[in-house]
Amino acid sequence: MLSPNDKKLEKLDPFYRPSVSKQKTSAEIISEARNALRTVRTERPFTPKDDQRKLFGPASSRTPENRPPSCFSLHASSFESSDSRPISGTRLSPLELKPKVPASPTDEDNCFSFPKPPVDPAKIRRISSARARLFRAASQGALLLDRSLPPTDSKKTVESKETVTMGDSVTKINGVYLTESNAIGHLKSHPLLLTRDGGFSEIKEQGMFQGTTSSPSHLRSGGDQGKRRVRTLSCPSSSDGSRQPTKAVPKANLQEKDTEIEVDEIFWNTRIVPLLCELEKEENIETVCAACTQLHHALEEGNMLGNKFKRRSNLLKTLYKLVDVGSDPLSLKLAKIILALKVSRKNLLNVCKLIFKISRSEKNDSLIQNDSILEPLLEVLSCEDLQTNTEAFLYCMGAIKFISANPGFLSEIINKGAVEILMNLIKQISENTKKCGTCSPDLGHLLVQVTATLRNLVDSPLARSKLLSVSAIPQLCTVTEQYLGDKDICTNVVRIFSKLTSYRDCCAALADYSRCYALFLNLINKYQKKQDLVIRIVFILGNLTAKNNQAREQFAKEKGSIQTLLSLFHTFHQLDLQSQKQAYEGTGLATAQRPPSEVEDVLIKLTRLLANIAIHPGIGPALAANQQVVGLLLTMLEYKALDDCEELVINTTATINNLSYYQVKNSVIRDKKLYIAELLLKLLVSNNMDGILEAVRVFGNLSQDQDICTFIVQNNVHKFMIALLDAKHQDICFSACGVLLNLTVDKDKRVILKEGGGIKKLVDCLRDFGPTDWQLACLVCKTLWNFSENITNASSCFGDEDANKLLVLLSSFLDEELALNGSFDQDLKNYHKFHWETEFKPVAQQLLKRIQRHHTFLEPLPVASF
C-alpha cells in the first residue's frame, strides 16, 4: 500500500512542467539555462598586418592629398642653425614710436640727427667687407680680431669699428664699449679667436679675466696652461672719453668662478673636441657611430645636455651635417643626441621625421632596440607642447606605432609609461577639441597614430591593466564621439574595444559605461556599409551581452537599438545574396553548395548578438514575436548549408533555440514550429556534432508542444535521440534526454523508449555521467519516472538486468559520502553538492522507492563502484 507521500508523488505532473506558484531555485534557473537559453561564442575579427609601415594604411579613408606624407627627403639643410637657445612662448606687443622733434637744429643737447649724405662708395665697400668677415666668423663660432693688434703695447688701439680695441680698462668690440662682465659673456660665446699669425685659436675661458691689475693685454699662445688673457675696462661714462674705475670683485668669488670655468673648458677640450674632430674626418661608419655613442656619454657626463649649453649651437651644426651621410645606424645615434639637446620647432619636427624614416623599415627594429630610442620619443610626447609641435608629435607617434607593431617591444614600451602618456595625449586632444568646438585635421591625423599604437599595446595584459587603472575606456568613448566623422579614428577605437572585450574585466568596465551603447549604435547607423567597422562593433556588443544581463537591458533601452540591428541584418543579407548571385550566376550550382560570401562574418556576429540579448526575459519574448527577426533567421537556415557556412548556421540555430524557449501566445516561433522542425532535420543528419547539438536543443524546447512530439515520432527523430545517448558527450546526452523526457509525458509515446534499447542507454548514462553531472543524472531519473508511471513489476518494466543496475546505482548515488567523494576543488565540490541535494536527490529517492516496491529480489544486489 502506498504511503500518503507516495500517493502525492504519483499524482504529480511530468517533471519538465514547473509549478507556476512555486518560486524557482537557483539550480532550476541554471538547469533551464542549460536546457534552453545559452550565449554564443565567436572568433574576433581578423585584421591582416600591413605589408608596409605608413602613417595611414591602404584601408585609410584619407586621400593622399589630405594626409601628411609617409615618404619625404631629409637633409642637413632641412635643419635650422638658429636653435641655440629655447624660444620664449611669450608674444611681445609692438611699441609705439613717438619721436621727439628737437627745438632747433643747433641744440647742443640734441640726440636726434637727420640722415647724412652717402659716404664715399669705396669706403662703404671696405666697411661692408670688414663687417661681412666679422659676421661670417661669428656665425661659425669665432670672434674676428684684427691682425694689426700689436704684440706688446697694451695701450695701442685699432680705430676701425669692426676691430677689437684692447687697453688697460676698455674693451671695444665692433664699435661697442663693453663692461667687464659683458666682455666675458661675449668672448665666451665665441670660443675661437684669430691670432696674429692669421690662424684661429680657442679662447681658454678659464683665467680669461684674472682681476683688474695691469698685465699684457695681447693674446698669447703660451703660458702656464695655454691661457689667453684679455684685460677689460668699464664703459666710458660720457662722450668725452673719461673713464670710471671698475668695481672691485672679491678675490674669493673670482677664484671660485675661475675654477668652475676651468673645469668646463678642460672637459670640453679633452673629451668633446677630439670626438667632434673624429666625427668630421672619419669615413668609416662604424667608427663614426662609436664616436657618436662616446659623444653622447661625454655630454651626459659633463652635464652638457639640454638647451642651456653655450656651445650647443655649434655642436648641433656638426651633428646636422652628418645627417647627409644617409646611414640609418648613424642617423639614429645622431637623432638621439639631437633630442637630448632639446631642440624645438622645426628641428624637433625634422629629428622626429628622421626617426620616423628609420623606423619604417623592420630591419631597423634591432637598431632601435639597441639604441634605446623609445625613451626620448616618449619624452617628446610628455614634455613638449602639443599645439606648438603637432606635426612633430605626428611623426614621433608614427615611429612609436611602427615600433609597437613588433611584439618584442611591447614590454619595454609599456614599462616606460607609454599607456599613461598616450592616454594623457588623448585627453589633451579631447579637451582642445571641446574648447575649440571643431575637430582639427592635424589633431585628427595625430589621433589616428595614437589609437593605432594603443591597438597594438592592448595585446599585453599589463597594458590592459594600466588602461583600466587610468579609466581609459570613458576617455576613448568621448574622443570617438568627438571624431565620429573620422572613420580611421573610429575604426582604431573599435579595434581596441574588440580586443579589450575579449577579456572579462575589460568587458565589464565597458559594459558599465552606459554611454557606450548609444555610441556604438551611432557608429552603426553612420557606417552601416563599412564592413570592417561594423563587424567589430557588433562583435563588441556580442561580448558585452554575453554574460551581463544589465548590458542586454541597457542596449535594448537605447532608442532604435533592435531596429538598427534588423536594418543591418537586412543590409548584409542582401549584400550576401548579391555577391553569391554574381559569383555563381549560370553555374547551375545549388544554393547550399555556394561558399561563404564576403559579408558572412557580419551575419555571424549579428546572429550571435541576437542570441545573447534574447536571454533577457524582457527582450526575448519581444524578439520571438517579431516577424522580421524570425523571418531573417529562417532565411539563413533555408539558403545556408552547414558544410559551407558552419558558424552562421550554428549561430542562427542557437538564436532560434533561445527564442523558442519563450512559450508566448504571439510567438512567431510557435506559429512556425513545424516548418522549423523540418529545417532542423538536415542538421540532425549532418556529420557536424555542433550542428546536431544545436538542433537537438531546439527540439528540446519545441517538443513541449504535442504537435512537435507527433512530428518527432512520425519522422523517427526519437530513434535518433536514443542513438545520441551513446555519444560520449555530456551536453548531447543531456539535450537528447530532454527530448525523450518530453515525449514520455504522453502515455502513448512512452513505449518508444524500449525501441533501440532506450532504457539500457538511459541507465548507462546515469552510470557514466552521474558522479560528475548531477543535472544530467536528475534528467535521466525524471525520464525513467515518467516511463514507469503505471509500473506493476520492475522487471517487466525495465528488465531484470536494468532494474538491478538502477537499484545499485540509485542506492550508491544517494549515499552522500560516496556520491560526493570526487577529487574536486572546494568551489566545484560546493557546486556538485548543491545540484545533488536540490535536483538529483529528491527525484532519485522517489524513483528508488518505486522500483523497490515493485521488484522481486532473487539474489543479493552487488555494490556499485565508480
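The values are calculated or read from the model by the stated rules, or taken from the named source; none is laboratory data. Because the structure is a prediction, the values reported are computed rather than measured. Cβ sites come from the backbone with ideal geometry, for glycine too, and all protein chains shown count toward neighbours.
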Open item on the list: Given the criterion closer than 26 Å to THR571 by Cα, hydrophobic (A, V, I, L, M, F, W, C) and crowded, with 17+ Cβ neighbours inside 10 Å, identify the matching residue among CYS507, CYS490.
Closed with: CYS490
Task: Among the residues listed as LYS833, LYS849, the single one being among the basic types (Lys, Arg) and either in contact (Cβ under 8 Å) with a residue 60 or more places away in the chain or touching a strand residue (DSSP E or B) at 6+ places or on another chain (Cβ under 8 Å) (or both) - done: LYS849
Open item on the list: Suppose we filter segment 309-326 for residues that are part of a helix (DSSP H, G or I) and over 15 Å from VAL273 (Cβ atoms); how many remain?
Closed with: 8
TODO: Determine which member of the set THR652, THR635 is surrounded by 22 or more Cβ atoms within 10 Å (Cβ to Cβ) and hydroxyl-bearing (Ser, Thr, Tyr).
DONE: THR652
Task: helices (runs of 4 or more DSSP H) completely within segment 471-528 that count 2 or more residues being under 13 Å from the mean Cα position of the chain (by Cα) and more than 17 Å from LEU422 (Cβ to Cβ) - done: 487-500
Open item on the list: Take VAL739 and tell me if it is of a type in the set (A, V, I, L, M, F, W, C) and farther than 24 Å from LEU807 by Cα.
Closed with: yes
Task: Condition met for ARG515 (within 22 Å of ILE413 (Cα to Cα) and out of contact with any strand residue (DSSP E or B) (no Cβ under 9 Å at 6 or more places or on another chain)) - done: no
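Could you tell me whether segment 457-468 includes any residue that is farther than 23 Å from GLY417 by Cβ, part of a helix (DSSP H, G or I) and in contact (Cβ under 8 Å) with a residue 24 or more places away in the chain?
First, the residues of segment 457-468 that are farther than 23 Å from GLY417 by Cβ: none.
No, the conditions are met nowhere in segment 457-468.
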TODO: State the number of residues belonging to segment 520-535 that are buried (at least 22 other Cβ atoms within 10 Å of the Cβ) and farther than 21 Å from GLN574 by Cβ.
DONE: 1
Task: Residues within segment 734-767 that are under 16 Å from SER703 (Cα atoms) and part of a helix (DSSP H, G or I), tallied - done: 16
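Quick check: is even one residue across segment 816-832 among the hydrophobic types (A, V, I, L, M, F, W, C) and either modelled with pLDDT of 90 or more or under 22 Å from VAL745 (Cβ atoms) (or both)? Explain how you work it out, then say what you get.
Here is the first cut: in segment 816-832, the ones among the hydrophobic types (A, V, I, L, M, F, W, C) are 818-820, 824, 828.
Now narrow it down to the ones that are either modelled with pLDDT of 90 or more or under 22 Å from VAL745 (Cβ atoms) (or both): none.
Scanning segment 816-832 turns up no residue that is among the hydrophobic types (A, V, I, L, M, F, W, C) and either modelled with pLDDT of 90 or more or under 22 Å from VAL745 (Cβ atoms) (or both).
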Task: Enumerated helices (runs of 4 or more DSSP H) restricted to segment 683-728, each holding at least 1 residues that are within 13 Å of LYS749 (Cβ to Cβ) and hydrophobic (A, V, I, L, M, F, W, C) - done: 706-714, 717-724
Task: Candidate set: segment 744-770, residues that are in contact with a Lys or Arg (Cβ under 8 Å, 6 or more places away or on another chain) and within 15 Å of LEU847 (Cβ to Cβ); chosen: the one surrounded by the fewest Cβ atoms within 10 Å (Cβ to Cβ) - done: ARG767
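Can you find, within segment 268-283, the residue that is modelled with the lowest pLDDT among those that are part of a helix (DSSP H, G or I) and touching a helix residue (DSSP H, G or I) at 6+ places or on another chain (Cβ under 8 Å)?
Restricting attention to segment 268-283, the residues satisfying the condition of being part of a helix (DSSP H, G or I) are 268-281.
Add one more test, that the residue is touching a helix residue (DSSP H, G or I) at 6+ places or on another chain (Cβ under 8 Å), and what stays is 271-272, 275-276, 278-280.
Numbers: ARG271: 88, ILE272: 87, LEU275: 89, LEU276: 87, GLU278: 85, LEU279: 84, GLU280: 80.
Residue satisfying both the conditions and the ranking: GLU280.
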Task: Matching residues, segment 613-636, being under 24 Å from GLN528 (Cα atoms) and touching a helix residue (DSSP H, G or I) at 6+ places or on another chain (Cβ under 6 Å) - done: ILE613, ALA614, ILE619, LEU623, GLN627, GLN628, VAL629, VAL630, LEU632, LEU633, MET636
Open item on the list: Can you go through GLU362, GLU384, GLU431 and tell me which one is within 24 Å of GLY306 (Cβ to Cβ) and either more than 17 Å from the chain's Cα centre (by Cα) or of a type in the set (A, V, I, L, M) (or both)?
Closed with: GLU384
Task: Pick from segment 638-670, criterion over 21 Å from ASP601 (Cβ atoms) and charged (D, E, K, R), ranking: modelled with the lowest pLDDT - done: LYS665
